[in-house]
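The structure appears below as C-alpha cells.
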Amino acid sequence: MIWEAEFVWRAMMAGVGVALVTGPLGCFVVWRRMAYFGNSLAHTAFLGIALGILLGIDPMFGIAAAAIAVALLLVMMQRQTQLADDTLLGILAHGGMALGLVTLGFMEGIRVDLLSYLFGDVLAVRWSDVWWIYGAGSVALLALILLWRSLLMVTVHPELAAAEGAPVLAIRLAFMLMIAVTIAIAMKIVGILLITSMLIIPAAAARRFSSTPERMAMAAAAIGVVAVVSGMAGSITWDTPAGPSIVVAATALFAISRLPALSGFAIRRET
Amino acid sequence: MTRQEPPPLVSVKGLRVSFEDRRVLDGIDLDIRSGEIVTLIGPNGAGKTTLVRAILGLLKPEAGTVLRKPNLTFGYVPQRFAVDPTLPLTVSRLLSLPRKRGRAESEQALSEVGAAYTIDKPIQGLSGGEFQRVMLARALLRRPDLLVLDEPLQGVDVSGQAALFELVGRLRRLHGFGVLLVSHDLHLVMRATDRVICMNHHVCCHGTPHDVTRHPEYLRLFGPEAARSLAVYTHMHDHDHDLRGEVVTLHEDGPTTRRAGGGGS
C-alpha cells in the first residue's frame, strides 16, 4: 500500500512543517497587505537557484540568500520617495528572476527541471530537507512569537509605533527575513509560483473564525495543515501534482469558510 | 527664593524642514509647558503634521533644534486611521499593544474617557468619537507628560466634538500633562485652548484664542468668515447626545439620560 511508503510520510511531514510556519506568518502578510511582496520575493528564487547551482550548494540556501538580498535592497531603496514601493519591488524581483533565468541559460551541460521548481516536488523531499524545514521553520516561528506584539503595533500604525520608541525599521526587516526564510523552505512543497497562496489562503480562511490575532494565527496554521494533508492525499489517490493539489485544497477550505451557514462558528469571547 | 518657571516639556527653536526642494517649515519657535493646552492651527498643507512629527522625533530637521525634557513620555493620538478589516483586534487588545496591560488597568483608562463599554468591541466597529476616545485611553495608559492630538475631531460628529474637548480639558486638569492639539479649524477648539499658534509654514501669529481670532494674519489666512462663524458655537442645545447616541436632556441640575426605544433621535 502506497500510504505506508516512507516517501509519503516524509512528504507529509515536510508539508505540515511548512504549513505550521506559513499560517501564522501569512496572517501578517494579509494584515499588512503584503501579498505582492511575498509573490515578488518568491520570484527571485530563480536567482537563488542559479546561485545555488553555481556555488554547488542546495538551491534552498541560494533561494534564502537571494530573497534576503532583495529584501535588504528594497529597504535600502525605500528611502527615496520617487518610486512607489510596489514599483521598486517589481523591478528588483523581476530583474532578479530574469537574471537567474539568464544565468541558468549560460550554464552548459546542466539541465534544470524548472517545472519542479515552479510547482514543487514534495514527493521528492529528502530527510535532510525535512530537518531544514523544521529547523528554519522553528527559528522563523520563534522570531515571530518574540516580535509578535511589536509587529502587531507596527501593523496597526507604524508612525505611532515609532513615536513610542519602537525600532520600526528593524522590526520590518526582521519580518522580511522571516518571509525570505519561509519562501526558501516552502519552495520544495508548493513551488515558486504557489508559495504566496500558502501564505494568504489559510490566513484568509481563518479570518471568519477568529476574534483575536493569536486565534487567527493558530487557525491559519491548522487550516494550512488540513490543506496539506488532504491535498497530498488527493494527489496520491488521483495522481495529480502535489503542490497544486495542496493549493486547490486550501482554496476549497477558503470557499467553505465563506459559506453563510458557518457564521455561527466564530470562536468568540464576546459578552 | 524666587519661584522659577519649570523648563518647557518641548522647546522648538528655528526649526526648518524641507521635503526635496519644498520648504515645509521655516523659522518655527515654540514652547509647550506642563499643564497647558496649545493648539496648532493652520490651513490644510500648512505643515502642522510635519511639525508634530518633528516634535515627536520622527524626522530630522534641516536646521534648528527640538529640545525635549529628559525622559519625556508622549501620548500620541495620530490622525484618524483605519485598521485593516482582516485584523481581528478588540479594543482591549489594541490597548495591550505593544505592552501587555491588565484588564482592570485597561478598563480604568477606558472609563476615564467614558468608553468602558467598548472594551470587547472590534476596533473596526467603533464610531469616530469612540475611536478617538479609545486612542486617548491608550495614550493615558502610557502616563504621558505631553499629549499630542493630531486632528482629533476627524470623523466625530459636531455634538461629540464639544464633549471630546471637555474631556481633554478635564484630563489635563486631572493629570497635569501638557497638550498639543492640531486642528485646521480654530472655532471648534478655542474653548478648550490656553494658547493658539497659527501657522502656515511659519508661525503667523500666536496668543490666546481671543487675541488670535482678531489678529490680521489669522483673518488673512482664514478670512473674516472664520471670525464671524465663531458665533455659531456659542448657542446652546436644549439636549445633547452621549457616546451611544442616547439623548441627554440638559437640566439646570445636570444631565439625565432619556432612553430612546431603539429609534434614536
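The values are calculated or read from the model by the stated rules, or taken from the named source; none is laboratory data. Since the model is a prediction, treat every value here as computed from it, not as a measurement. Here the Cβ positions follow ideal geometry from the backbone for every residue, glycine too, while neighbour counts run over all protein chains shown. Quick note on the areas: whole protein, heavy atoms, side chains included, nothing else; ligands and nucleic acids left out. Shrake-Rupley method; radii C 1.70, N 1.55, O 1.52, S 1.80 Å.
When only residues in region B:83-105 that are open to solvent by 20 Å² or more (accessible area, probe 1.4 Å), in contact (Cβ under 8 Å) with a residue 24 or more places away in the chain and assigned to a loop (DSSP other than H, G, I, E, B) count, which is farthest from the other protein chains (Cβ to nearest Cβ)? The residue in question is B:R101. Residues in region B:32-70 that are within 14 Å of chain A (Cβ to nearest Cβ) and small (G, A, S): B:A54, B:G57.
Among the numbered conditions (1) surrounded by fewer than 16 Cβ atoms within 10 Å (Cβ to Cβ); (2) at pLDDT 50 or above, the only one that B:G254 does not meet is (2).
Being among the small types (G, A, S) and open to solvent by less than 30 Å² (accessible area, probe 1.4 Å) is the filter; apply it to region A:117-173 and report the residue that is nearest to B:L56 (Cα to Cα). Give the derivation first.
Residues of region A:117-173 among the small types (G, A, S): A:120, A:124, A:128, A:135-138, A:140, A:143, A:150, A:161-163, A:165-166, A:170.
With the extra rule that they be open to solvent by less than 30 Å² (accessible area, probe 1.4 Å), the set shrinks to A:120, A:136-137, A:140, A:161, A:163.
On the way: A:G120: 48, A:A136: 38, A:G137: 37, A:A140: 32, A:A161: 11, A:A163: 6 Å.
Here the answer is A:A163.
On the stretch given as region B:123-170, residues that are within 26 Å of A:T155 (Cα to Cα), β-branched (V, I, T) and without any contact (Cβ under 8 Å) to a residue 60 or more places away in the chain total 3. Of the residues making up region A:13-37, those that are surrounded by fewer than 24 Cβ atoms within 10 Å (Cβ to Cβ), away from every other protein chain (no Cβ under 14 Å) and under 20 Å from A:V154 (Cα atoms) number 2.
If the condition is being in a helix (DSSP H, G or I), not aliphatic (A, V, I, L, M) and not assigned by TED's automatic domain parsing to the domain that holds B:R195, then region B:127-175 contributes B:G128, B:G129, B:E130, B:F131, B:Q132, B:R133, B:R138. Does region A:60-69 include one or more residues that are of a type outside the set (A, V, I, L, M) and open to solvent by 50 Å² or more (accessible area, probe 1.4 Å)? Yes, the conditions are met somewhere in region A:60-69. Of everything listed in (1) over 30 Å from A:A203 (Cα atoms); (2) free of Cβ contacts under 8 Å to residues at least 40 places away in the same chain; (3) within 9 Å of another protein chain (Cβ to nearest Cβ), the single unmet condition for B:Q108 is (3). Within region A:164-173, at least one residue is over 25 Å from A:I195 (Cβ atoms), aliphatic (A, V, I, L, M) and outside any helix (DSSP H, G or I). Residues of region B:199-245 that are of a type in the set (G, A, S) and modelled with pLDDT of 55 or more: B:G207, B:G223, B:A226, B:A227, B:G245. Using the structure shown, decide if B:T73 is open to solvent by 30 Å² or more (accessible area, probe 1.4 Å), touching a residue at least 60 places away in the same chain (Cβ under 8 Å) and at the interface with chain A (Cβ under 10 Å from one of its Cβ atoms). It is true that B:T73 is open to solvent by 30 Å² or more (accessible area, probe 1.4 Å), touching a residue at least 60 places away in the same chain (Cβ under 8 Å) and at the interface with chain A (Cβ under 10 Å from one of its Cβ atoms).
If you go through region A:133-156 and pick out every residue that is touching a Lys or Arg at 6+ places or on another chain (Cβ under 9 Å) and more than 14 Å from chain B (Cβ to nearest Cβ), you end up with 1.
Going by what's in this entry, would A:I91 be described as open to solvent by 30 Å² or more (accessible area, probe 1.4 Å) and more than 14 Å from chain B (Cβ to nearest Cβ)? Steps first, please.
On the way: open to solvent by 30 Å² or more (accessible area, probe 1.4 Å): yes; more than 14 Å from chain B (Cβ to nearest Cβ): yes.
The answer is yes for A:I91.
Does B:R138 satisfy being at negative phi, within 11 Å of another protein chain (Cβ to nearest Cβ) and surrounded by fewer than 21 Cβ atoms within 10 Å (Cβ to Cβ)? The answer is no for B:R138. Of all residues in region B:178-202, those satisfying the criterion of being within 22 Å of B:V10 (Cα to Cα) and open to solvent by 40 Å² or more (accessible area, probe 1.4 Å) are B:H184, B:M190, B:D194, B:R195, B:N200, B:H201, B:H202.
Modelled with pLDDT of 90 or more, crowded, with 21+ Cβ neighbours inside 10 Å and touching a helix residue (DSSP H, G or I) at 6+ places or on another chain (Cβ under 6 Å) - does that describe any residue in region B:38-47? Yes: region B:38-47 contains one or more residues that are modelled with pLDDT of 90 or more, crowded, with 21+ Cβ neighbours inside 10 Å and touching a helix residue (DSSP H, G or I) at 6+ places or on another chain (Cβ under 6 Å). Please determine, by comparing only the residues of region A:201-229 that are over 16 Å from A:G120 (Cβ atoms) and open to solvent by 50 Å² or more (accessible area, probe 1.4 Å), which one is nearest to the other protein chains (Cβ to nearest Cβ). Among those that are over 16 Å from A:G120 (Cβ atoms) and open to solvent by 50 Å² or more (accessible area, probe 1.4 Å), it is A:R207. Could you check region A:53-80 and list, in sequence order, the residues that are of a type outside the set (A, V, I, L, M, F, W, C), on the phi < 0 side of the Ramachandran plot and not in a helix (DSSP H, G or I)? Answer for region A:53-80, where residues must be of a type outside the set (A, V, I, L, M, F, W, C), on the phi < 0 side of the Ramachandran plot and not in a helix (DSSP H, G or I): A:D58, A:Q78, A:R79, A:Q80.
Considering the conditions (1) of a type in the set (V, I, T); (2) touching a Leu at 6+ places or on another chain (Cβ under 9 Å); (3) closer than 16 Å to B:H184 by Cβ, B:T49 is excluded by exactly one of them, (2).
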